[in-house]
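Student: Got a structure here, written out as structure tokens. Questions coming.
Bear in mind these aren't lab numbers, they're just calculated from the coordinates by the rules spelled out. If you're wondering where the values come from, they're calculated on a predicted model, not measured in any experiment.
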Amino acid sequence: MSIRLLNNKEEIPYNLLLLADETIEAIDKYISNSDIYVFESNNQIIAVYALLVLNDETIEIKNIAVSKKHQGKGIGKLLLDDCIKKAIEKKCSLLTIGTGDASFKQLNLYQKFGFEIFDIKHNFFVDNYPEAIFENGIQLKDMIMLRLVL
Ligand code: ACO
């Protein structure tokens, strides 16, 4: 098992990225400017995260996803640890991440890692996606922005 940078000749793993973001159009807004890291097991990519440098001090996790079959086994926590390591290596002092206002599992995970809510992008999911998105039986409306001071 290993985490490595995807090189630009390899196919972007949209099948995994689409677990964390609803449409290819939304992913394409950030993916070409992001570093994409993949987690492999038995030569198969089973998880991914994308990091985008926003400014000298801030880096954002734009997408983090583990294949359905492998969720709930600690891989998400491994990826988050690696995001933090990469952000520190890049000498960033803030790591940010955004998630839906009804994405309770994700909010729980990020807050357990020490991320704190610092902003809310009101109506983000209503304004930026063609169709309503539901999680836990609730329509996503606002994006909750969290940050970790490194
Ligand atoms: N119910 C509630 N909480 C859960 C569950 C569950 N079924 N499974 C995991 N968690 C939470 C717990 O807090 C758990 O910590 P604990 O084991 O100490 O209780 C924590 O998640 C981490 O568990 P992992 O097994 O490491 O998580 P996993 O490998 O499943 O990865 C992830 C988490 C990335 C959210 C994964 O479930 C996934 O890919 N989901 C679909 C895509 C997604 O929603 N991505 C994030 C969107 S936001 C963004 O991309 C910026």
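Student: Within straight cross-link reach of Lys29, meaning Cα distance under 12 Å, which aspartates and glutamates are found once same-chain residues fewer than 8 apart are removed?
Tutor: Answer for Lys29, where 12 Å is the Cα cut-off: Asp21, listed by chain and number.
Student: Something else now. Output wanted: per-residue J couplings in Hz (rounded whole) for region 17-24, from phi through Karplus 6.51 cos²θ - 1.76 cosθ + 1.60, θ = phi - 60°, x for Gly and Pro.
Tutor: Rounded to whole hertz, the list is 4, 6, 6, 9, 9, 6, 9, 5.
Student: Distance cut-off 23 Å, Cα to Cα: go down the list Lys77/Lys105; Lys62/Lys86; Lys91/Lys121; Lys69/Lys105; Lys68/Lys105 and report the pairs above it.
Tutor: Values: Lys77/Lys105 12 Å; Lys62/Lys86 14 Å; Lys91/Lys121 26 Å; Lys69/Lys105 17 Å; Lys68/Lys105 14 Å.
Where the Cα-Cα span goes over 23 Å, the pairs concerned are Lys91/Lys121.
Student: Return a whole-number percent for the relative contact order of region 1-70, with Cα pairs under 8 Å and 6 or more residues apart as the contact set.
Tutor: Numbers: 107 pairs, mean separation 22.6, N = 70.
Rounded, it is 32 percent for region 1-70.
Student: Report, in whole Å, the centroid distance computed from the Cα atoms of region 5-19 and region 62-127.
Tutor: Cα centroid of region 5-19 versus Cα centroid of region 62-127: 18 Å apart.
Student: Moving to a separate point now. Quantify how much of the Cα-Cα distance distribution of the chain extends past 21 Å, in percent.
Tutor: Details: 4755 of 11175 pairs.
Counting pairs separated by more than 21 Å, the tail of P(r) holds 43 percent.
Student: Please list, in order along region 108-119, the HN-Hα scalar couplings obtained from phi with the Karplus expression 6.51 cos²θ - 1.76 cosθ + 1.60 (θ = phi - 60°), rounded to whole Hz, x for Gly and Pro.
Tutor: Per residue, the Karplus-derived 3J(HN,Hα) values read 4, 4, 5, 5, 5, 7, x, 5, 10, 5, 10, 7 Hz.
Student: What does the helix-only formula give at 222 nm for the chain: each DSSP H stretch with n ≥ 4 adding -39500 (n - 2.57), the total divided by the residues, and the result rounded to the nearest 500 deg cm²/dmol?
Tutor: Numbers: 5 runs with 41 residues, N = 150.
Computed ellipticity for the chain at 222 nm equals -7500 deg cm²/dmol.
Student: Turning to a different aspect of this structure: Does region 62-114 come out rounded, prolate or oblate by the C-alpha gyration tensor, with a ≥ b ≥ c the root eigenvalues, rounded set by a/c under 1.5 and, if not, prolate when a/b is larger than b/c and oblate if not? Mind showing how you got there, number by number?
Tutor: Values: a/c = 2.13, a/b = 1.38, b/c = 1.55.
Oblate.
Student: Can you list the HN-Hα couplings for region 38-46, worked out from phi with the Karplus curve (6.51, -1.76, 1.60; θ = phi - 60°), rounded to whole Hz and with x for Gly and Pro?
Tutor: In residue order, the calculated couplings are 10, 10, 10, 9, 6, 6, 10, 6, 10 Hz.
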